[in-house]
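Chemist: This is the structure I have questions about; it appears just below.
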Amino acid sequence: MPPGMGPARLELCSFCNRGAEQVERLIAGPPDIYICNECVDLCNSIMAKEAPQRGKNPLKLKRVPAPQELKADLDGYVIGQERAKKVLSVAVHNHYQRILSREQAKPDDIELEKSNVLLIGPTGSGKTLMARTLAKTLHVPFAIGDATTLTEAGYVGEDVENILLRLLQAADQDLDAAERGIIYIDEIDKIGRKSENASITRDVSGEGVQQALLKILEGTVANIPPQGGRKHPEQKYIQMDTSNILFIAGGTFEGIEEHIASRIGKRRVGFIGTGNDSGSLRDKAKNLKFVDTDDILKFGMIPELIGRFPILTALEPLDEAAYINILTQPRNALVKQYKRFLELENVQLDFEPEALRAIATKAALKGTGARGLRSVVEEVMLELMYDIPSRPDIKSVTITKEMVERNSKAFTEQRLISEARPRVKAEERRESA
């Protein structure tokens, strides 16, 4: 060893203590600190498991479906609502065209802004179904948030950021995919102010929620609690950019027809309600197609929130013909589902046209829209679905108007027995012969 020279320092990984000859590569840091390639790989795998994926993954869509293609997919699940389907198809097409153009943007390109959508219509008219169908068609993450559970930050309830957390969970913690997803905010009308006058007290579940939603709807980098809300204050927040998330809000806005009728001059006058258009008064839902931002403002929504939903469309109430089409035409129609159930039992199921009309009439009286159809059909089919798996002698069943209207177990059993008796007697005659 030359004079004045100390012993040679060994280059060892500061984490696993292995030398340079034991690993593929040893990376030097500050004096006497090293890390090997294997420890780097281990650190990357730990970060990948514990944190959402943040990369530069492009949008999986190479071509955004045309509005007519999107509407064709909606037609497979939603009956009627032609204008609403066109409006929503154009809005979704433009939104994802905007995302693709931003990923391929040039410095001098025109900056496109997103347009959120507000759907107004009676319950059971297909608002949630349309949003879910579009998300499934485009293969993007989709989440539903209920506005009635939201409160202003600091109060008991859910923060508005929890809606973004649901979208992140739907994207399997893929942050890039979540930032291009669709969020449907249901019951948006339930957070309206009780009156048009500003309240002197804090409205933490109404106007407070509207104020909290403003930045998220417009586009901001929000801090998302990975475990949800204020229960874990020590958790590290996830930052999510909402500028590419499409927000679709829906609500029934019950009573808004009165504001519309008052604005367009079609309202009741006097004690017995004599107006200048009795047809519109008998069916107030027809006024929904004239809805405007002024009507929503009078309903109790703040102007700042209304401005975040530039696209506004109303859904039409369902009539009896629409109910019958919903029973038979969509890909997941109830009649098709029950026919398939009984096919698994080797039984053919048929519905008479009058039976379908009777089901539609009973569902319309419930006032819950298309959701009422399932409860009526379930009620009609209960005894059949209970008895048929144990009755190998039954090969076909026809649902009649009487079975829907009377809907008694004794009548259903009598129907089954009367249909099965001729087959049983024929088999007995063959055996005796």
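Chemist: May I ask you to list the residues in the range 126-157 that are open to solvent by 10 Å² or more (accessible area, probe 1.4 Å) and closer than 15 Å to E316 by Cα?
Modeler: Residues satisfying the conditions are G126, K127, T128, L129.
Chemist: Looking only at the range 280-294, decide whether some residue is modelled with pLDDT of 85 or more, open to solvent by less than 70 Å² (accessible area, probe 1.4 Å) and either not in a loop (DSSP other than H, G, I, E, B) or not hydrophobic (A, V, I, L, M, F, W, C) (or both).
Modeler: Checked against the condition, which is being modelled with pLDDT of 85 or more, open to solvent by less than 70 Å² (accessible area, probe 1.4 Å) and either not in a loop (DSSP other than H, G, I, E, B) or not hydrophobic (A, V, I, L, M, F, W, C) (or both), the range 280-294 yields at least one hit.
Chemist: Look through the range 65-81, keep the residues that are in contact (Cβ under 8 Å) with a residue 40 or more places away in the chain and in a loop (DSSP other than H, G, I, E, B), and return whichever of them is nearest to V140 (Cα to Cα).
Modeler: Checking each candidate, the answer is P65.
Chemist: Is there a residue being under 23 Å from R371 (Cα atoms) and without any contact (Cβ under 8 Å) to a residue 12 or more places away in the chain anywhere in the range 131-152?
Modeler: yes
Chemist: Now for a separate question. Go through the range 109-152 and give me each residue that's in contact with a Leu (Cβ under 6 Å, 6 or more places away or on another chain), assigned to a loop (DSSP other than H, G, I, E, B) and over 24 Å from D295 (Cα atoms).
Modeler: P141
Chemist: Could you tell me which residue of the range 110-125 is modelled with the lowest pLDDT, considering only residues that are surrounded by fewer than 19 Cβ atoms within 10 Å (Cβ to Cβ) and of a type in the set (V, I, T)? Even if it seems obvious, please write down each step before you answer.
Modeler: Filtering the range 110-125 down to residues surrounded by fewer than 19 Cβ atoms within 10 Å (Cβ to Cβ) leaves 110-113, 115, 123.
Retained after the next criterion (residues that are of a type in the set (V, I, T)): 110, 123.
On the way: I110: 77, T123: 84.
Once the filter is applied, the top-ranked residue is I110.
Chemist: For A84, all conditions in the list (1) in contact (Cβ under 8 Å) with a residue 40 or more places away in the chain; (2) outside any helix (DSSP H, G or I); (3) not charged (D, E, K, R) hold save one; what is the number of the exception?
Modeler: Failed condition: (2).
Chemist: Consider V204 carefully, then state whether it is of a type in the set (V, I, T) and modelled with pLDDT of 75 or more. Lay out the reasoning, then the answer.
Modeler: Details: of a type in the set (V, I, T): yes; modelled with pLDDT of 75 or more: no.
For V204, the condition - of a type in the set (V, I, T) and modelled with pLDDT of 75 or more - is not met.
Chemist: Also, quick follow-up: For the range 1-23: of the residues being open to solvent by 100 Å² or more (accessible area, probe 1.4 Å) and part of a loop (DSSP other than H, G, I, E, B), which is modelled with the lowest pLDDT? Full working, then the answer.
Modeler: Pass one, the range 1-23, residues open to solvent by 100 Å² or more (accessible area, probe 1.4 Å): 1, 3, 5, 7, 9-10, 15, 17, 21-22.
Filter again for part of a loop (DSSP other than H, G, I, E, B), leaving 1, 3, 5, 7, 9-10, 15, 17.
On the way: M1: 42, P3: 50, M5: 48, P7: 48, R9: 61, L10: 74, F15: 88, N17: 87.
Step by step, filter the range 1-23, then rank; the result is M1.
Chemist: Given the range 335-433, what helices (runs of 4 or more DSSP H) lie entirely inside it while holding 2 or more residues that are touching a strand residue (DSSP E or B) at 6+ places or on another chain (Cβ under 8 Å), at pLDDT below 85 and open to solvent by less than 70 Å² (accessible area, probe 1.4 Å)? Write out each step before concluding.
Modeler: Details: elements: 353-366, 371-387, 401-406, 409-432.
In the range 335-433, 409-432 are the helices (runs of 4 or more DSSP H) which contain 2 or more residues that are touching a strand residue (DSSP E or B) at 6+ places or on another chain (Cβ under 8 Å), at pLDDT below 85 and open to solvent by less than 70 Å² (accessible area, probe 1.4 Å).
Chemist: Across the range 76-109, which residue is farthest from L129 (Cα to Cα) among those that are charged (D, E, K, R) and open to solvent by less than 60 Å² (accessible area, probe 1.4 Å)?
Modeler: If we filter the range 76-109 for residues that are charged (D, E, K, R), which is where we start, we get 82-83, 85-86, 98, 102-103, 106, 108-109.
Filter again for open to solvent by less than 60 Å² (accessible area, probe 1.4 Å), leaving 85, 98.
Values: K85: 11, R98: 24 Å.
This residue is R98.
Chemist: Could I ask something else about it? Just give me the residues in the range 298-328 being assigned to a loop (DSSP other than H, G, I, E, B), open to solvent by 50 Å² or more (accessible area, probe 1.4 Å) and at pLDDT below 90, in sequence order.
Modeler: Residues satisfying the conditions are E316, P317, D319.
Chemist: List pairs: first residue in the range 24-41 and open to solvent by 70 Å² or more (accessible area, probe 1.4 Å), second residue part of a helix (DSSP H, G or I) anywhere in the structure, Cβ distance under 8 angstrom, at least six positions apart or on different chains.
Modeler: E24/N37; E24/E38; R25/N37; I27/N37; I27/V40
The values are calculated or read from the model by the stated rules, or taken from the named source; none is laboratory data. Here the structure is a predicted model, which means the values were calculated and not measured. Heads up, the Cβs are rebuilt from the backbone with ideal geometry, glycines too, and the neighbour counts pull from every protein chain shown. We work out accessible area using only protein heavy atoms, side chains counted, and drop any ligands, DNA or RNA first. Shrake-Rupley method; radii C 1.70, N 1.55, O 1.52, S 1.80 Å.
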